[in-house]
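K.L.:
Got a structure for you, written out below as structure tokens; questions coming shortly.
What follows draws every value from the coordinates through simple rules; no lab data is involved. On a predicted model such as this, the values are computed, not experimentally measured, just so you know. Backbone-built Cβ (ideal geometry, glycine too); neighbour counts: all protein chains shown.
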Amino acid sequence: MDVNQYLEVFIDESKEHLQAVNENLLALEKNPEDIAIVNEIFRSAHTLKGMSATMGYEDLANLTHKMENVLDGIRNHKIHVNEEIMDVIFSSIDDLEEMVNDIASGGDGKRNVTEVVEKLLKIEKGESPSSSPSLPESPSNEDHSDKVAISSNYDEFERTVIQQSNEQGFTCFEIGVELRSDCVLKAARVFMVFEVLEKCGEVIKSTPSTEQLEEEQFDDHFTVTLVTKESSEEIESKVKKVSEVEVVTVAELTLDAPTAEPAQEAVNEIKNAAASIAASSSVQTVEKPVKTPAKEDTEQKNTKQQAVSSKTIRVNIERLDVLMNLFEELVIDRGRLESISGELNHPELNETVERMSRISGDLQNIILNMRMVPVETVFNRFPRMVRQLARDLNKQINLEIIGAETELDRTVIDEIGDPLVHLIRNAIDHGVEMPEERLSKGKSAEGTVKLKAYHSGNHVFIEIEDDGAGIKRDKVLSKALAKGVVTEDQAQTLSDKQVYELILASGFSTADQVSDISGRGVGLDVVKTTIESLGGSISIDAAEGQGSIFSIQLPLTLSIISVMLVEVDKEKYAIPLSSIIETAIVKKEDILNAHNQQVIDFRGKVVPLVFLENIFEVPITEEKDNYFSVVIIRKGDKMAGLVVDSFIGQQEVVLKSLGNYLSNVFAISGATILGDGQVALIVDCNALIK
């Protein structure tokens, strides 16, 4: 079997399991006595180990196995959770993540993990991981000829057979056999191996079982236990003569040998790999403990969860892009059909077009939802990162995540991770003060960093807020003047918010000394560039001594949106419905002037007016009457009224990019093709309010 076809699934599932382990470890740190959490971690680690061994990534499987041994000790109350042990397990997860990332980028997943393995072995033996080091175990130089103890995989009868065989002068060997990955008739090769072994002695056990081996319910590895009088060298030589057998490991079974020999580790990994494939076709292994009444309910729940997961498939994002492009063309044709139907006023045609519109509307919702991913997939990695940063900086940090269910297009999700990482590190390093300093200011010793996501109009906003020291306006301004970012005259007219946003300039920094965690300003220009490349923007608000808020505005990047079509003179514009509160007709005499700005009194609120004919420099061909058509729009808590000539109506349109050449047109987010073939520009309401 060619395992390369499963590589993409392996990488995705490995990342999911590692994320689940990270989240549960953070929960375990707060509730060290909760064995249910340990069981969840153990289950994820066990599955990851089986998958890794199946795919042939032995270093990954070996490290996971060592970590699994520690988790097993915790859940059996042999090891008590403390901060030192948690640090070692977290360090193991870091190495596992690096290995998976290496595999994802085309590497072999190998990594020097001698130090962390040594610590895990000490924890397993009940020693402190920070005690003086013993000779390190080298997983890559295993001695396959050593003796190993009988493991718990053997029942009482099999143990008795092995014991009596030893007493009568026979030797018991555990023989691990690995077939070539391109082996076609695996069952035939297994039969040939058994035929060779049965001539040497008597086979008393195989893993997987003989039935599973005959039905090829295993990958490339299987294990056979043999009672014989021949030597390990003779057996190894005979088995290797079978064609398409790649690796043979022979280990002698004894009743009193130590239990942690390297050879046993190799055999265990082969077993886990075989069990992984036998357990499920989706490369997942399931624990099968002895059933007790308390465990049966849990197993039933797990079965239900597996049944649900089996109904999920992974689809390449490129296929969704093609599907979206085809549907966009369908929407344009639908608009054209609706236009023709309205002109002809044919009853049967009208009925058919209405039905097609309803069905295509449902199809549209499904396609758009398929591309949307909760920002939770990005936010999930931050609790672990914040924990480590807080420890490195000796600070107390509480991370609050709000709105993780907010959905964004997959393409934006993939790009937004790195900017958020930098902003959070920046907030913790330079925003939140040391505990002593916070206490002296009358604050709590623990600083709070809030990560918040929410929808507003046709945009998603992500805010990183901290209750730290804020930003010193004078310090930023003096640095900006020294670096020539602004002139003396400009500095006099800048608002606080404009001053704060100067730290986004390239190479700008207010840090007195460079930190390896972050530097406020160093790299923030990269954050700004990345966000703007996604069609978004970043703004900063702060209060010295109270904290700061970095607000990121991102487009949903939905290709199909609902709009209100309006007319300005003879040109048509589309205003996204998600930004509109309502429409109104306003008399000319109701327009007031305040601070050189025309405003109206709208339901007790002063709303500034924006004349689209002035913004877009539309040539006026007709004289205006005494009434204005106004579209009231909102961005957050701010409102504005867009003055147009007339309303055309609501319609769903395809959002088309203006291309690279027209990427920076003010207040225009794209264009669309209407049912009659005309092109209408889509208004960016957020830009107008800003």
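K.L.:
Let me spell out the model: positive unit charges on the Cβ of Lys and Arg, negative unit charges on the Cβ of Asp and Glu, origin at the Cα centre of region 317-374. What dipole size does that give, in debye rounded to 20?
P.N.:
200 debye
K.L.:
Take the alpha-carbon centre of region 405-451, take the same for region 32-107, and report the distance between them in whole Å.
P.N.:
Cα centres, region 405-451 to region 32-107: 28 Å.
K.L.:
Where does the Debye-calculated log10 I(q)/I(0) of region 376-555 sit at q = 0.12, 0.15 Å⁻¹, using only Cα point scatterers of equal weight, no solvent?
P.N.:
The Cα Debye sum returns log10 ratios of -0.56, -0.87.
K.L.:
Follow-up. When the chain is fully extended, how far beyond the present Cα-Cα distance does Glu567 get from Asp333, taking 0.36 nm per residue of separation?
P.N.:
82.0 nm
K.L.:
Which of the residue pairs Lys497/Lys588; Lys450/Lys635; Lys441/Lys497; Lys570/Lys656 have a Cα-Cα distance greater than 28 Å in the structure shown?
P.N.:
Lys497/Lys588
K.L.:
Here's another thing I want to ask about it. Which of the aspartates and glutamates could a cross-linker span from Lys240 if the Cα-Cα distance has to be under 14 Å and same-chain partners fewer than 8 positions apart are dropped?
P.N.:
Once the sequence-local aspartates and glutamates are set aside, what remains near Lys240 is Glu178, Glu195.
K.L.:
Mind pulling up the Rg/Rh value for region 1-119? Radius of gyration and Kirkwood radius, both on Cα. The partial results should precede the final answer.
P.N.:
Working: Rg = 14.0 Å, Rh = 14.4 Å.
On the Cα set of region 1-119, Rg over Rh gives 0.97.
K.L.:
Given a Förster radius of 41 Å and the C-beta distance between Ser444 and Asp474 as r, what FRET efficiency does 1/(1 + (r/R0)^6) yield to the nearest 0.05?
P.N.:
For R0 = 41 Å, the calculated efficiency reads 0.90.
K.L.:
Using a Förster distance of 45 Å, how high is the FRET efficiency between Ala36 and Met434, based on the Cβ-Cβ distance and rounded to 0.05?
P.N.:
According to the calculation, E is roughly 0.80.
K.L.:
Based solely on C-alpha atoms, express the radius of gyration and the Dmax of region 560-689 in angstrom.
P.N.:
Reported Rg and Dmax, both Å: 14.6, 43.
K.L.:
Compute the relative contact order of region 560-689 as a whole-number percentage, counting only Cα pairs closer than 8 Å that sit 6 or more residues apart in sequence.
P.N.:
Worked out over region 560-689, it gives 31 percent.
K.L.:
If R₀ is 41 angstrom, what is the calculated FRET efficiency for the pair Glu613 and Ile313, using the beta carbon separation as r and rounding to 0.05?
P.N.:
About 0.20, to the nearest 0.05.
K.L.:
I've got another one for you. Sort Leu48, Leu253 by Cβ crowding within 10 Å, fewest neighbours at the top.
P.N.:
Numbers: Leu48 30, Leu253 23.
Lowest to highest Cβ neighbour count: Leu253, Leu48.
K.L.:
Shifting gears a bit: For Lys472, list the aspartates and glutamates whose Cα falls under 17 Å from its own Cα; do not include residues on the same chain fewer than 8 positions away.
P.N.:
Result set, ordered by chain and number: Asp429, Glu433, Glu437, Asp496, Glu501, Asp512, Asp541, Glu544.
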